[in-house]
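Read through the structure below, which is laid out as structure tokens, and then see the notes.
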Amino acid sequence: MADRVTVIGWDGSPLTRAATAALSAATLVAGAAHHLALPEVPGSAERIRLGSVDLAARRIAGHRGSAVVLADGDPGFFGVVRTLRKPEHGLEVEVVPAVSSVATAFARAGMPWDDAQIVVAHPRTLRRAVNIIRAHHKVAVLTSPGAGPAELALLLEGVHRTFVICEELGTERERVTVLTSDKTADHTWRDPNVVIVIGGGPETTANGAWIAGRRPDHPEGVRGWALPAASYDGAGEGGEGESPGLRAAQLARLGPRTGDLVWDIGSGSGALAVEAARFGAAVLAVDSDPDACARTATAARTFKVSVQVVRGTAPHVLERLPEPDVVRIGGGGVPVVTAVADRRPERIVTHASNRDEAEALGAALTENGYAVECALLQSVELDTSEWAERERSVVFLLSAVRSDLAP
């Protein structure tokens, strides 16, 4: 094993005294081509081009002498330190940090970043990164080949955002470009780059903010979820599928989370769409009724979340929507359930007013490769001044999990 392993962050500025001392004693240096070209790298040291960090770690583990790993930005922030410290490599490292590329990007843009979501985009995580962009006002994306600014913009089709693209930060070829998302896909971008994406809903951090990267509800806002219809101006109050109890059960079975894309088909008052967005998910709210679309947009503004409202009739309108992770179906019967199942979301929830309808919906889900559960939900609202029944709701709740994911 190497006698000493030092990880040095590099942000384009002159190396610190500690970094220079570690390099001067190094017998092995790993890094990208521009790192290995630094004049401080000893000519006698073994050099490793850093492609796979795991492969480099194995080489370092078998090396006798002092090893240095050079990395852009802060190597402890989505960087090589995590991989080098894996138990299978057995390496103990010393870290000489630098300014992270994310901090540098926001500095170049002249913007604060304590309220930013920060994601890493690889081809396998690209869609989830785009869902974060859909859901949040300010997102920094650490890109990779095949998951860069152009690919992000292409998946955002129909959603307007502003891109601040920072290429090769800290080098002589550094370039910062500001474009709208519809223009970003028309360009070829150099790696590595950091993309700041702005525009998903209102600004979420005010003076006195106390937590980074998240948006707790404002002090004057409503606490909790499955809120009563009055929280949404009473829209849809008393309508089937709009009761808070059913909404709570639907949300619990969907489990919307950050990085997901939720379809809410038949959004009605917008209550479920808004509450799914409050969990951090990206939401597409679909309804054929223009008044329902307007209510959903108003509810999203009221609760300061980003919800994309799509007016159209299911199942036809679903053909042009991006791939969902979880779907709530508020109506449309078997044809809509079948069309949704064809898109293979992880989970689907819907409801029925009678047993025959529930059996038909359950059969359609089962035939399309979903494990189905059904529960009869009854809720009774009481007037506590007289403890008398005010309103009663009875509904069949169907929840389905894709069979390959079912326990």
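Numbers at a glance
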| item | result |
| --- | --- |
| FRET efficiency, R58 to S403 (Cβ-Cβ, R0 41 Å, nearest 0.05) | 0.55 |
| Positive-end residue, the chain charge dipole about Cα centroid, Cβ charges, pick of L23, L179, A57 | L23 |
| Principal axis box of region 258-305, alpha-carbon based, largest edge first, Å | 28, 20, 10 |
| Under 19 Å from K304, Cα to Cα: lysines that are on another chain or at least 8 residues apart | K138 |
| Rel. contact order, % - alpha carbon contacts under 8 angstrom, at least six apart, the chain | 10 |
| Neighbour net charge for A103 - beta-carbon separation under 15 angstrom, K R +1, D E -1 | -4 |
| Answer label, with Cα extents along the principal axes in Å calculated from the coordinates and candidates (1) 82, 50, 38; (2) 67, 52, 40; (3) 84, 46, 43 | (3) |
| Assigned charges on the beta-carbon of Lys, Arg, Asp, Glu; region 1-76 dipole about Cα centre (debye) | 280 |
| Cα pair distances of region 1-90 binned at 5 Å [whole percent] | 3, 15, 30, 27, 19, 6, 1 |
| Region 65-122 - Debye-derived log10 I(q)/I(0), Cα point model, q = 0.19 Å⁻¹ | -0.79 |
| On Cα atoms only, tilt of 333-342 relative to the major axis of the chain in degrees | 10 |
| Over the chain: helical MRE at 222 nm, DSSP H runs n ≥ 4 each giving -39500 (n - 2.57), nearest 500 | -7500 deg cm²/dmol |
| Karplus-derived 3J(HN,Hα), 6.51/-1.76/1.60, for each residue of region 263-280, Hz, glycine and proline x | 9, 10, 8, x, 5, x, 6, x, 5, 5, 4, 5, 5, 5, 5, 5, 7, x |
| Share of alpha-carbon pairs per 5 Å distance bin for region 241-397, given as whole % | 2, 10, 19, 21, 21, 15, 8, 3, 2, 1, 0 |
| Set of aspartates and glutamates with alpha-carbon distance to K183 below 16 Å, sequence-local pairs under 8 removed | E151, E157 |
| Calculated FRET value between A25 and F78, using beta carbons and R₀ = 30 Å, to 0.05 | 0.60 |
| Two-site FRET efficiency, D114 against A32, from Cβ-Cβ distance with R₀ of 45 Å, rounded to 0.05 | 0.95 |
| Euclidean distance of C-alpha centroids, region 101-175 and region 253-285, integer Å | 23 |
| With every protein chain in place, the chain: carbon and sulfur % of accessible area (1.4 Å) | 51 |
| Region 1-39-region 309-385 distance, computed between alpha-carbon centres (Å) | 57 |
| Of every Cα-Cα pair in region 57-192, the percent that sits beyond 25 Å | 34 |
| Most to least packed among 384-397, 37-50, 3-16 [average Cβ atoms within 10 Å] | 3-16, 37-50, 384-397 |
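The values are calculated or read from the model by the stated rules, or taken from the named source; none is laboratory data. Keep in mind the model is a prediction, meaning the values are calculated, not measured. So basically every Cβ, Gly included, is an ideal-geometry build from the backbone, and we count neighbours across all protein chains shown. For accessibility, only protein heavy atoms count, side chains too; no ligands or nucleic acids. Shrake-Rupley method; radii C 1.70, N 1.55, O 1.52, S 1.80 Å.
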